[in-house]
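The values are calculated or read from the model by the stated rules, or taken from the named source; none is laboratory data. Keep in mind it's a predicted model, so treat the numbers as computed, not measured. Glycine gets a Cβ as well: all are built from the backbone with ideal geometry, and neighbour counts include every protein chain shown.
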Amino acid sequence: MRILRAIFGHGSGRIGGCIVAVYLLLAILGLLGLTPHNPITQYRIDRLHAPSAAYWMGTDLFGRDVASRLMAGIGQSFTVAFFSVAFATLAGTVLGLAAAWLGRRWDGVVMRIMDVLLAFPAILLALLIVTVAGPGTWTSVIAIGIVYTPIFTRVVRGPALSLKAREFVDAARTFGSSSSYIVTRHLLLNLVAPLTVQVTLALAWALLTEAGLSFLGLGTQPPAASLGLMLSDSRNLMETAPWLMIFPGLAIMISILGFNLLGDALRDVLDPKTRRAPA
Amino acid sequence: MNYLLRRLATFPLVLLGVSVLVFVAIRMVPGDSITAMLGTEAGLLTPAQRDALAAYFGIDQPWFVQYWRWIGGILRGNFGISVTYGRPVLDVVLERFPLTLELAVLSMIIALAVGMPAGIYAATHSEKPSDLGVRVIAMIGQSTPSFVLGLLIIYTLSAGFGVLPAMGEFAPLWQDPLRNLSQLILPAVTLGFAFAASVTRIARSAMLDVLSDDYVRTARSKGASARSVIWRHALPNALIPVVTLSGIEFGYLLGGAVIVEQIYALPGLGRMVLDAILQRDYALVQGSVLFIAFNFMIVNLLVDLAYVALDPRIRLGEQ
């Protein structure tokens, strides 16, 4: 509660929080199918209709309602972003804690594997995984999840190592606490703040990567709607129907902006080093 | 020096990991490269011809023999033959690399030329409306995906001014510098925009940190001019995070900018890798990914060395 209030007292936190809340609502409506029109119904008579009262954001080449597709696409993008970041957070936290706690050989093996993954440019690694598994929603989730796992592993391992060397961990050990108790209660609980910040920022990257994959035709497959795909389809119709490009483009941009703003605010609120700095 | 040697010693290990990963991954892609290469004509091959082609590209062997041959070849400077191009992989990669390198350099120049002054300006005008303006623009810049910006630029140019970005046959820098620049400037701006936004933000916060340090206050109180405080005392220390960020970003750009290359129809490394993956061109995917990973690691190492040059207090590898 205190943190929520702090975020809303923070300028960019307020704006970011509102943007994310609106998007969440749109995503849920989109996923539930509560859109103005059916996102895949083709109103052939109204092809390439400019934005109007009936079609708020116009229609595309097949006469599908852009606003409805946008909502469905947001639902799609958010599903991929949430699950992939959940995957990366879970995998990265487990690996990072294991590396820090078990030390020596484990640490070496885990961190070298992460080095290998980090040596790949993110989008290429995602592309490779998607091609191997075939494009689709859940493939994108796994691909983006694997790509961001090394980052979470690093975010967890560093602080976990320094926490491990602190007196209270020694004290817990002398009291006879089990390893799993120390790792979950003393290490993990102290890592919640940096992880929260990282999760918010990772959601922004995941949205970006998902849109990029779909843009290249390797994410969500048609006729399902996705923001990247809509943008990619708009390329040849840019001059006749600019709304096909502008709305999905803005939708992607603003969603990323929302998470970036929220992430910044969270960092200011949760990071003790910057807490003293004026917001 | 010791640190440098130890870092270099991990290179072969990481590259070996990358090689295994990419080797296994690309072989898990459904379909075979001969069918992908010949398309419908693959159906016309007799089994004997198909076997001969497979033997020519070395893909008739079990995977561990293929891997062993591949690694052995690389150690002798032979990265194999690309099925799609019918030429040595290294030739194909090196042909595409200059464009990617040039694009990365141009984007970084744009990012630093815009981001550094903007960041310093915002830091020295902290909490004034102009600072807020810079921060808002930087935040929007950082949240704009390159493909959104790229399409927006193309749309603005074509709808507003009736011009299209220079496309068509790509002109290398040394053959036709003017045409080359006209082809690369928009892609570079597209990539440089978000990059500049990140530089602005990191330069601003680093500068703010440094400006509140004791030694800067000392310099001020002994009567140093505002300009001298910023340029002589604060800037060198504020540069360190900027160098890290630009280095990492530059390393990523050297891997090719798949989407921006796609939008502007540029024959760079990124699009080549994408096509190679889709064509199941095993040798080309393996060779180019290894090449990209190697470049990335070198850039990261250079970034670490740059720290030491910028801040003599840092001794790498001593923790």
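Summary table
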{"read-out": "Within segment B:205-319, helices (runs of 4 or more DSSP H) holding 1 or more residues that are away from chain A (no Cβ under 14 Å) and closer than 25 Å to residue B:73 by Cα", "value": "B:282-310"}
{"read-out": "Residue within segment B:241-249 that is assigned by TED's automatic domain parsing to the domain that holds residue B:115, at pLDDT 80 or above and charged (D, E, K, R) present", "value": "yes"}
{"read-out": "Residue A:231 being part of a helix (DSSP H, G or I) and not acidic (Asp, Glu)", "value": "yes"}
{"read-out": "From B:286, B:279, residue being surrounded by fewer than 23 Cβ atoms within 10 Å (Cβ to Cβ) and within 16 Å of residue B:84 (Cβ to Cβ)", "value": "B:279"}
{"read-out": "Which numbered condition residue B:109 fails, given (1) closer than 24 Å to residue B:273 by Cα; (2) at pLDDT 85 or above; (3) loosely packed, with under 13 Cβ neighbours inside 10 Å", "value": "(1)"}
{"read-out": "Filter pass, residue B:34 being more than 14 Å from chain A (Cβ to nearest Cβ), crowded, with 16+ Cβ neighbours inside 10 Å and not acidic (Asp, Glu)", "value": "yes"}
{"read-out": "Answer from B:195, B:170, B:161 - the residue that is in the same structural domain as residue B:257 (by TED's automatic domain parsing) and in contact with a Leu (Cβ under 7 Å, 6 or more places away or on another chain)", "value": "B:170"}
{"read-out": "Where residue B:80 falls short, out of the listed (1) modelled with pLDDT of 90 or more; (2) in contact with a Pro (Cβ under 9 Å, 6 or more places away or on another chain)", "value": "(1)"}
{"read-out": "Of all residues making up segment A:201-227, the number that are in contact with an Asp or Glu (Cβ under 9 Å, 6 or more places away or on another chain) and part of a helix (DSSP H, G or I)", "value": "2"}
{"read-out": "Positions within segment B:181-198 being surrounded by fewer than 19 Cβ atoms within 10 Å (Cβ to Cβ) and either touching a strand residue (DSSP E or B) at 6+ places or on another chain (Cβ under 9 Å) or farther than 27 Å from residue B:122 by Cα (or both), in sequence order", "value": "B:181, B:182"}
{"read-out": "Any hit, segment B:132-146, residues being over 22 Å from the mean Cα position of the chain (by Cα), among the polar types (S, T, N, Q) and at pLDDT 85 or above", "value": "no"}
{"read-out": "Contacts under 6 angstrom Cβ, first residue in segment B:132-147 being touching a residue at least 24 places away in the same chain (Cβ under 8 Å) and within 27 Å of residue A:230 (Cα to Cα), partner in a helix (DSSP H, G or I) and among the basic types (Lys, Arg), 6 or more apart", "value": "B:138/B:201"}
{"read-out": "Hey, residue A:62 within 23 Å of residue A:199 (Cα to Cα) and either surrounded by fewer than 21 Cβ atoms within 10 Å (Cβ to Cβ) or hydrophobic (A, V, I, L, M, F, W, C) (or both) or not", "value": "no"}
{"read-out": "Residue within segment A:195-204 that is surrounded by 21 or more Cβ atoms within 10 Å (Cβ to Cβ), within 10 Å of chain B (Cβ to nearest Cβ) and closer than 25 Å to residue B:164 by Cα present", "value": "no"}
{"read-out": "Residue B:50 being surrounded by 15 or more Cβ atoms within 10 Å (Cβ to Cβ), basic (Lys, Arg), away from chain A (no Cβ under 14 Å) and in a helix (DSSP H, G or I)", "value": "yes"}
{"read-out": "Residue within segment A:29-46 that is surrounded by fewer than 21 Cβ atoms within 10 Å (Cβ to Cβ), among the aromatic types (Phe, Trp, Tyr) and part of a loop (DSSP other than H, G, I, E, B) present", "value": "yes"}
{"read-out": "Any chance residue A:192 is in a helix (DSSP H, G or I), free of Cβ contacts under 8 Å to residues at least 24 places away in the same chain and more than 14 Å from residue A:77 (Cα to Cα)", "value": "yes"}
{"read-out": "Only listed residue being surrounded by fewer than 16 Cβ atoms within 10 Å (Cβ to Cβ) and closer than 25 Å to residue B:298 by Cα, chosen from B:13, B:44", "value": "B:13"}
{"read-out": "Pair list, Cβ under 6 Å, 6 or more apart: segment B:25-37 residue within 17 Å of residue A:126 (Cα to Cα), other residue assigned to a helix (DSSP H, G or I) and among the polar types (S, T, N, Q)", "value": "B:29/A:131"}
{"read-out": "Filter result for residue B:150 (within 30 Å of residue A:229 (Cβ to Cβ), touching a residue at least 60 places away in the same chain (Cβ under 8 Å) and out of contact with any Phe, Trp or Tyr (no Cβ under 6 Å at 6 or more places or on another chain))", "value": "yes"}
